[in-house]
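Here the structure comes first, spelled out in structure tokens, and everything after it is commentary.
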Amino acid sequence: MNTIKSKDNNKIKYIRSLNTKKKREEENAFIVEGIKFVYEAINEKQNIIYLLFSEQSLNKTDVKELYDLSVKSGFESYICDEDVFKSAADTINAQGVIAVVGKNEYDADYILKNYKFVIMCDRIQDPGNLGTIIRTSDAFGPAAVILNKGCVDAHNPKVVRATAGAIFRVPFIYMDSDVDTIKALNEHEFKIISTVVESEYSFDDIKEENKICVIIGNEGQGVSREIIESSHMNITIRMPGRAESLNASIAAGISIYEIRKKLL
């Protein structure tokens with residue numbers, strides 16, 4: 001049994017370091033907390049680097065079962081006391097279980113060639129919004145997600161929690177240049193549809209297409225002018241009620257659901 005007794009242990013310090021985007025990028029790894037999410041990581045055959053369990057949590061049947069599974073599966077697993085565990089956890093609801101997971105890597109050209117439905121996030125900054133968009137993409141997929149420069153890191157702990165496990169199933173493409181992104185989408189014959197506040201077109205005006213990319217804009221500024229002008233179509237959500245706008249993730253959910261139906 002591997003036991004960690006100090007908050008200064010290298011394994012503990014490594015987990016804490018992965019709370020920063022820079023370290024996640026350097027190590028190509030991120031943190032998953034909680035029983036359900038760690039089970040999902042195992043079931044989805046993710047690259048689990050090691051797991052950490054609080055000694056106190058092992059008194060719970062579901063945590064003990066997860067620990068036994070991790071050992072049986074050959075994962076590097078460590079036990080530590082409650083204070084040491086809390087020093088590593090990002091939340092107070094980690095349930096006594098933390099996993100360090102290697103990021104999945106995807107080839108942009110392969111994704112754009114093989115996926116018919118892509119959601120591009122244009123500078124989405126709120127972790128909860130991005131996580132919900134990823135979760136919705138998983139629900140109405142198969143779909144891939146493009147993240148441009150200015151988006152919150154998809155492996156931010158708050159984003160990971162908001163995806164509810166979809167982080168393990170939805171492929172990501174990171175693109176720094178919007179010009180290059182639009183060019184690549186056109187080369188792969190995507191119908192590019194931007195969601196905007198005002199447009200003469202709505203979902204009813206979209207024709208059936210073989211491949212579609214829907215673009216979801218920044219919470220405050222919407223889709224950039226450059227992307228709007230490069231899109232094949234700009235559509236708005238018609239709202240008969242009195243609300244002037246929708247939360248970005250809610251607008252994204254409606255758009256993903258409606259536009260997904262337009263695929264041949």
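The values are calculated or read from the model by the stated rules, or taken from the named source; none is laboratory data. As the structure is a computational prediction, the values presented were derived from the model and not from experiment. As a convention, Cβ positions derive from the backbone with ideal geometry for all residues, glycine included, and neighbour counts pool all protein chains shown. These accessible areas exclude ligands, DNA and RNA; they are computed on the full protein's heavy atoms, side chains included. Shrake-Rupley method; radii C 1.70, N 1.55, O 1.52, S 1.80 Å.
Details
- Exclusive hit being without any contact (Cβ under 8 Å) to a residue 12 or more places away in the chain, of a type in the set (A, V, I, L, M), closer than 25 Å to S6 by Cα and not in a helix (DSSP H, G or I), set I92, I49: I92
- Criterion (part of a helix (DSSP H, G or I) and within 20 Å of A162 (Cβ to Cβ)) met by exactly one of K36, K113, K64, K13: K36
- Residue in the stretch 111-119 that is free of Cβ contacts under 8 Å to residues at least 12 places away in the same chain, within 30 Å of M175 (Cα to Cα) and open to solvent by 70 Å² or more (accessible area, probe 1.4 Å) present: yes
- Within the stretch 188-221, restricting attention to residues that are in contact (Cβ under 8 Å) with a residue 24 or more places away in the chain and out of contact with any strand residue (DSSP E or B) (no Cβ under 8 Å at 6 or more places or on another chain), the residue that is least open to solvent (accessible area, probe 1.4 Å) is N218.
- Pair list, Cβ < 7 Å and 6+ apart or interchain, from the stretch 142-160 residues that are farther than 21 Å from F37 by Cβ and among the polar types (S, T, N, Q) to residues that are assigned to a strand (DSSP E or B) and open to solvent by 20 Å² or more (accessible area, probe 1.4 Å): N148/M175
- Only a single item in (1) open to solvent by less than 10 Å² (accessible area, probe 1.4 Å); (2) among the hydrophobic types (A, V, I, L, M, F, W, C); (3) under 14 Å from S77 (Cα atoms) is not met by I42, and it is number (1).
- Of everything in the stretch 1-38 that is aromatic (F, W, Y) and closer than 19 Å to V159 by Cβ, the residue that is modelled with the lowest pLDDT is F37.
- Single unsatisfied condition, A88 versus (1) at pLDDT 95 or above; (2) open to solvent by less than 70 Å² (accessible area, probe 1.4 Å); (3) out of contact with any Ser or Thr (no Cβ under 8 Å at 6 or more places or on another chain); (4) more than 30 Å from A144 (Cα to Cα): (1)
- Annotation: of all residues in the stretch 225-242 being assigned to a helix (DSSP H, G or I) and in contact (Cβ under 8 Å) with a residue 40 or more places away in the chain, the one that is least open to solvent (accessible area, probe 1.4 Å) is I227.
- For the stretch 85-97, the criterion of being touching a Lys or Arg at 6+ places or on another chain (Cβ under 7 Å), aromatic (F, W, Y) and more than 25 Å from A248 (Cβ to Cβ) is met by none of the residues.
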